[in-house]
1. Taking H placed 1.01 Å from N in the peptide plane, check which residues at least 5 places from Val171 or on another chain put their amide H under 5 Å from its amide H.
2. For region 73-138, what does the equivalent ellipsoid look like in terms of its semi-axes, each the square root of 5 times an eigenvalue of the Cα gyration tensor, given largest first in whole Å?
3. With each label point set 7 Å from Cα along the Cα-Cβ vector, what nm distance links Ser132 and Ile63?
4. So, counting K/R as plus one and D/E as minus one, what does the shell of residues with Cβ under 15 Å around Ala124 add up to?
5. I need the shape label for region 53-105. Rule: rounded when a/c is under 1.5, else prolate if a/b > b/c, else oblate, with a, b, c from the alpha carbon gyration tensor.
6. Contour minus end-to-end for Thr125 and Arg181, with contour as 0.36 nm per residue of separation and end-to-end as the Cα-Cα distance?
7. Given the Cα atoms of region 112-184, and with Rh set as the inverse mean 1/r over their pairs in the Kirkwood sense, what is Rg to Rh to two decimals?
8. Taking amide H positions as placed in the peptide plane 1.01 Å from N, state which residues far from Ala180 in sequence (5 or more) or on other chains have amide H under 5 Å from it.
Amino acid sequence: MFSTNDFLALMMVIVIIKVRYYVSTATTGHKPFWPINHTLYGMENKHIAAVLVQKRATLTGLIIDLEERTRQARQDLVHIDASIRMFDPDLDFRKISHKRPSTRGTLFAHGEVAGFCRNGLRVATDPIAAESIAIQAMQAKKLNMADSKLRKKVTASVLWSLRELRKVGEVAKIGAGLGARWELAGR
């Protein structure tokens with residue numbers, strides 16, 4: 001089956017082909033060698049156009065929002081620069097490197113995933129997989145267990161936390177790859 005993004009990409013290709021078809025027939029008078037079917041899977045052009053109009057409206061709204069946020073950030077930067085100049089007039093702003101914004105998720109509080117890892121490993125009688133800890137965390141937070149993307153995201157957070165705990169010697173990894181299991185260090 002097609003995902004929504006695959007479907008929209010396919011629709012865009014069809015639109016591009018149709019535009020090229022109509023432009024070529026209008027400018028040269030010759031018809032291309034491929035036939036143009038005005039329906040796809042029983043859907044007429046108006047349905048395809050409606051989906052594309054929705055996508056365009058969403059992207060336009062996103063662009064407007066991002067432009068407004070950029071404008072506000074630039075204004076804030078001007079005010080911060082002025083404040084810095086008051087305290088250090090000789091500072092060369094070109095030497096200040098930029099800092100990337102944090103991409104940390106909002107599902108868990110700071111240190112919460114590590115707590116789930118410690119608790120999961122503490123109650124386990126045998127070494128367990130990171131996905132088992134992720135499932136426990138999702139159940140505790142009452143997250144949608146059927147959402148595979150969310151489960152992968154939580155599992156990735158658990159794996160990152162387990163690697164960090166291994167660096168400080170709290171946990172041990174047994175095996176590698178998909179079959180890797182984890183346990184508390186010294187067990």
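No lab work stands behind these numbers, since they all come straight from the coordinates. What you are looking at is a predicted structure, and each value in this text was computed from that prediction instead of being measured. Note: ideal-geometry Cβ built from the backbone for every residue, glycine included; neighbour counts use all protein chains shown.
1. HN-HN under 5 Å from Val171: Arg166, Ala185.
2. On the way: eigenvalues 442, 29, 20 Å².
So the equivalent ellipsoid measures 47, 12, 10 Å along its semi-axes.
3. Result: 5.1 nm between the two label points.
4. Values: positive: Arg118, Arg122, Lys173, Arg181, Arg187; negative: Asp126, Glu131, Glu170, Glu183.
Spelling it out: positives minus negatives among the neighbours equals +1.
5. Numbers: a/c = 3.97, a/b = 2.38, b/c = 1.67.
Prolate is the answer for region 53-105, as a/c is 1.5 or above and a/b outweighs b/c.
6. Numbers: separation 56, 0.36 × 56 = 20.16 nm, distance 1.22 nm.
Result for the pair: 18.9 nm of gain on full extension.
7. Numbers: Rg = 11.4 Å, Rh = 12.1 Å.
When Rh is taken as the Kirkwood radius, the ratio is 0.94.
8. Sorted by chain and number, the residues that satisfy this come to none at all.
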